[in-house]
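The values are calculated or read from the model by the stated rules, or taken from the named source; none is laboratory data. These numbers were taken from a predicted model, which means no experiment stands behind them. Here Cβ is always computed from backbone atoms with ideal geometry, including for glycine, and neighbour counts include all displayed protein chains. Remember, those area values only see protein heavy atoms, side chains included, never the ligands or the DNA or RNA. Shrake-Rupley method; radii C 1.70, N 1.55, O 1.52, S 1.80 Å.
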Amino acid sequence: MAGTGTQAFWIDAAHAGTQEHYGEQLRKWRHAFAATEDEPAAEGVTLDPLHFALGAWEVATRPVADSPYVRRHARVLDATCHRPEEARGLLAVVELAVPAPVRLSGGWVSWQRQDGDDGTYAAPPYERPTALTTMELRLPLPADRLPTPTKARASGLPNLDDAQAALEALIAELNAVVTPLVRELEGGGEAGPMPEWLRTQIEADKATAESAGARAWRYVPAHKGNRLEFDERRGVAAIGFHDDDLLQPVEAIHIALHDPADVVARCTAELALLAEHGRDCPECASGSPCSTLRCLAAGYHLRPGWRDEWAARGAS
């Protein structure tokens with residue numbers, strides 16, 4: 001997921017070699033993926049989606065000296081994932097730097113944004129009276145929204161593409177909730193919560209597609225005879241499948257037709273529509289999303305953070 005500073009979290013794809021470095025860290029911290037006795041496993045690596053996602057997140061968010069693979073917005077002070085014994089899924093705990101809830105008298109200072117590329121929020125020098133306010137977000141992450149890792153290709157080593165998929169799933173869940181709050185804190189929430197939430201969903205999809213290469217896909221599995229090809233008009237020109245292929249033909253066609261190139265194009269159009277209505281639509285300018293935006297947002301109603309009152313008027 002490419003980061004532009006508009007999201008609360010993103011995968012660092014802006015610098016060359018970051019994914020390779022993450023792969024090296026996965027090998028270094030392989031013990032984080034070692035299967036326990038009661039877990040499904042392959043080659044000693046856990047196939048449990050929760051355990052695997054926790055390991056992928058821990059390796060990707062290690063201290064700054066280790067060049068974290070997952071970057072975060074300046075207001076995000078900390079972000080950890082846990083697996084509470086009493087819960088069926090994961091629990092993400094995110095700490096944000098927020099303004100003081102009360103007016104401070106003269107002489108008091110609060111969070112100060114630092115110079116530099118990251119521009120993180122930090123406490124001022126100790127010589128001055130300081131009031132620091134944080135917001136702790138506790139976000140349950142259901143297990144069914146995390147991908148199941150595949151069989152390890154090397155004994156004891158997690159697959160890089162499986163770790164990448166786990167990170168993208170975690171980041172998508174976190175951004176759906178945290179990014180609108182960050183934008184509100186940064187002064188970008190004047191248009192109301194629904195347009196900002198919708199923008200977060202669209203930008204997250206677009207960033208994920210861009211990190212996947214932003215190109216058209218061709219379904220070509222490892223076994224010969226399994227292929228899905230397009231003609232110049234992106235119609236399905238040829239298809240063939242092996243008996244033990246994991247995908248049914250209709251599933252493969254669906255995936256290929258919604259490849260990164262298609263998603264980037266769709267998201268670009270939706271962002272343009274969102275910007276147009278935020279700027280030129282009288283109803284949107286009044287603070288109430290118009291019917292066009294409500295219909296556009298309805299396409300994302302299965303995402304975290306959706307509110308039923310955002311549905312198009314008259315929709316059942």
Query - Surface per residue (accessible, 1.4 Å probe) for region 76-159, Å² - result: 67
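Using the per-residue mean of other Cβ atoms lying within 10 Å as a proxy for protection, in what order, highest first, do the peptides 85-98, 170-183 fall?
On the way: 85-98: 16.1, 170-183: 23.1.
My ranking of the peptides, most packed first, is 170-183, 85-98.
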Report summary line: SASA check, Arg307, accessible area w/ 1.4 Å probe, all protein chains in place, rounded to nearest 10 Å², comes out at 100
Query raised in the report: To the nearest 10 square angstrom, how much accessible area does Glu309 have with a 1.4 angstrom probe?
Result: 120
Query - Sequence of Met135, Met194 when ordered by accessible area, the most exposed leading, probe 1.4 angstrom - result: Met135, Met194
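In what order, largest first, do Cys81, Cys267, Cys295 sit by accessible area if the probe radius is 1.4 Å? Display every interim value, and only then the final one.
Working: Cys81 20, Cys267 0, Cys295 85 Å².
Ranking Cys81, Cys267, Cys295 by accessible area, largest first, yields Cys295, Cys81, Cys267.
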Requested in this report: Could you tell me the accessible area of Arg83 in Å² (1.4 Å probe, neighbours in place), rounded to the nearest ten?
Outcome: 100
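Starting from 0.36 nm per residue, how many nanometres of slack lie between Glu37 and Glu251 once their C-alpha separation is accounted for?
On the way: separation 214, 0.36 × 214 = 77.04 nm, distance 3.39 nm.
Difference between extended and current length: 73.7 nm.
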Requested in this report: Calculate, in nm to one decimal, what Arg138 and Glu58 gain on full extension: separation in residues at 0.36 nm each, minus their alpha carbon distance.
Outcome: 27.1 nm
Query raised in the report: How do Lys206, Lys28 rank by accessible surface area computed with a 1.4 Å probe, from largest to smallest?
Result: Lys28, Lys206
Query raised in the report: By how many nm would the segment from Arg128 to Ala87 lengthen if fully extended, with 0.36 nm per residue of separation less the alpha-carbon distance?
Result: 10.5 nm
